[in-house]
Each structure stands twice: as structure tokens, then as C-alpha cells.
Amino acid sequence: MAILYCHPSEKSITNTIKQRYIDGLEEINISYTITDLYGSNFNSDITEEEYLRENNNIPCPLAEDVLLEQERINNADVLTFIFPLFWMDAPSKLVGYFARVFTKGFKYDYDDGKSASMKTMVHTNFLISAGSSYDDLEKDGKINALETIFISTCSILSPSRGIFGI
């Protein structure tokens, strides 16, 4: 189990959701790793070299922090994302994580047809806090939009979800 957590405040409902989730895992002896993007000060800014590698096929080695995250993902059977919605999107730090970690050769096939190495998860969980109720998000079509964006982005087999309105 790999957990990816993204929120700038320890005083948030999102942090409480994360802690309760971890408590539940520990209660039933499920081992996990966690990356706290804010707590670890993850560099979410894509460099020019990374941009050129991804968009123009110009060779550039992957940074150590990116390689570590890719390995962590591939060592897990279940991937859980815990984050809030900010203006109906993931926090910018998580968007930057996707840009840097979900690379050609990992998430996406190379242009020459060489296959990507990211495994398909058995389950991927999304525990998302939002400023609207689930019913309101569903009525406005935002649940379908979130599923399209995050589930298709993560290339998963059996998604689970949890969007918490507050």
C-alpha cells in the first residue's frame, strides 16, 4: 500500500481523513508507505530539461526523487491519494507530482512504442475533501469530471473513491 498525501495544513479535515485511514490500516496490520508532498517539501516544479524530455523526446535522466516515487508506486498493489479540491482541482503540488513522476517510460509509452513500466494497480483509492456535499458535486456533474480526470490519469483496474463534502 502506497499513500500519497497532499495538504499544506496539519489542522485540516484532509489531515484528519489521512490519520483515520492510517489508523484503520494499522488496526488490521496492513503495511504502507506514505509520501507527504508538503511535509517532504517535494519539488513539484518541472525543470526545462524534464519538460523537453517529456514533450520533445530530448534525453534527460530522471531525478532521484522521481525514481524513488516511481519505485514506491511499483512496489505497491494499492495506491491511495488523499487531498482536497482547490478550485475543483488537485493542489498544484500534486499536479506537479503527476507532471514529474508520471513520465514517458513510466506512465506513458515512449513514442517509439516501448512500453511504460508503471504497473496497473489492483485498487486505487481517492479520498478527496471538498467544500461541497457529494450530492451537490454529483448534481453539478463534477463527480463524473473528477472520475474522468483522476481515474484515467492513474491507469487503474479497480477504482475506489471517497469524496467528502464539508
### Carbon plus sulfur fraction of accessible area for the stretch 84-155, probe 1.4 Å, in percent
52 percent
### Message
Could you tell me the ratio Rg/Rh of the stretch 81-123? Both radii from Cα atoms, Rh via Kirkwood.
### Response
1.09
### Message
Using a Cα-Cα cut-off of under 25 Å, which lysines could be cross-linked to Lys114, ignoring same-chain neighbours fewer than 8 residues away?
### Response
Lys104
### Query
Which of Asn74, Asn56, Asn125 moves the most in a Gaussian network model of the chain with Cα springs under 10 Å?
Asn56
### Query
Angle between the Cα long axis of helix 13-27 and the longest principal axis of the chain, 0 to 90 degrees, nearest 10?
90 degrees
### Summary
Filtering chymotrypsin sites (Phe, Trp or Tyr not before Pro) in the stretch 80-124 by DSSP loop and by at most 12 other Cβ atoms within 10 Å leaves Trp87, Tyr110
### Residue of Leu127, Leu67, Leu94 that the Gaussian network model of the chain assigns the largest fluctuation, springs spanning Cα pairs under 10 Å
Leu67
#### Entry: Portion, in percent, of the accessible area of the stretch 12-65 that falls on carbon or sulfur, probe 1.4 Å
51 percent
### Message
Tell me the per residue accessible area of the chain using a 1.4 Å probe; a whole number in Å² is fine.
### Response
55 Å²
### Translational diffusion coefficient (Stokes-Einstein; Kirkwood radius from C-alpha pairs) of the chain at 10 °C, 1.306 mPa s, in µm²/s
95 µm²/s
#### Entry: Size of charge dipole - the chain - debye, nearest 20, with Cβ of Lys, Arg +1 and Asp, Glu -1, no other charges
220 debye
### Task
For the chain, give the share of DSSP beta bridges that are antiparallel, in percent and rounded to the nearest 5; count only bridges with both residues there.
5 percent
### Query
Longest segment of the chain with no trypsin sites (Lys or Arg not before Pro) in a DSSP loop having at most 12 other Cβ atoms within 10 Å?
12-113
### Query
Just going by the charge dipole of the chain, with Lys and Arg at +1 and Asp and Glu at -1 on Cβ, which of Thr47, Ser129, Ser9 is farthest out on the positive end?
Ser129
### Query
When the Karplus curve 6.51 cos²θ - 1.76 cosθ + 1.60 is applied with θ = phi - 60°, which whole-Hz ³J(HN,Hα) does each residue of the stretch 73-90 get, with x for Gly and Pro?
5, 6, 8, 9, 9, 10, 10, 10, 9, 10, 6, x, 8, 10, 6, 6, 9, 5
### Summary
Row for the stretch 38-127, column shape: gyration tensor on C-alpha, a ≥ b ≥ c, rounded if a/c < 1.5 i.e. under 1.5, prolate if a/b over b/c, else oblate; value oblate
### Task
Before anything else, pin down the relative contact order of the chain: Cα pairs under 8 Å, at least 6 apart, normalised by residue count, whole percent.
25 percent
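The values are calculated or read from the model by the stated rules, or taken from the named source; none is laboratory data. In this text the structure is predicted, and so the values were computed from the model without any measurement. Heads up, the Cβs are rebuilt from the backbone with ideal geometry, glycines too, and the neighbour counts pull from every protein chain shown. Ligands, DNA and RNA are stripped out before the accessible areas are found, and what is left, the full protein with its side chains, is counted by its heavy atoms. Shrake-Rupley method; radii C 1.70, N 1.55, O 1.52, S 1.80 Å.
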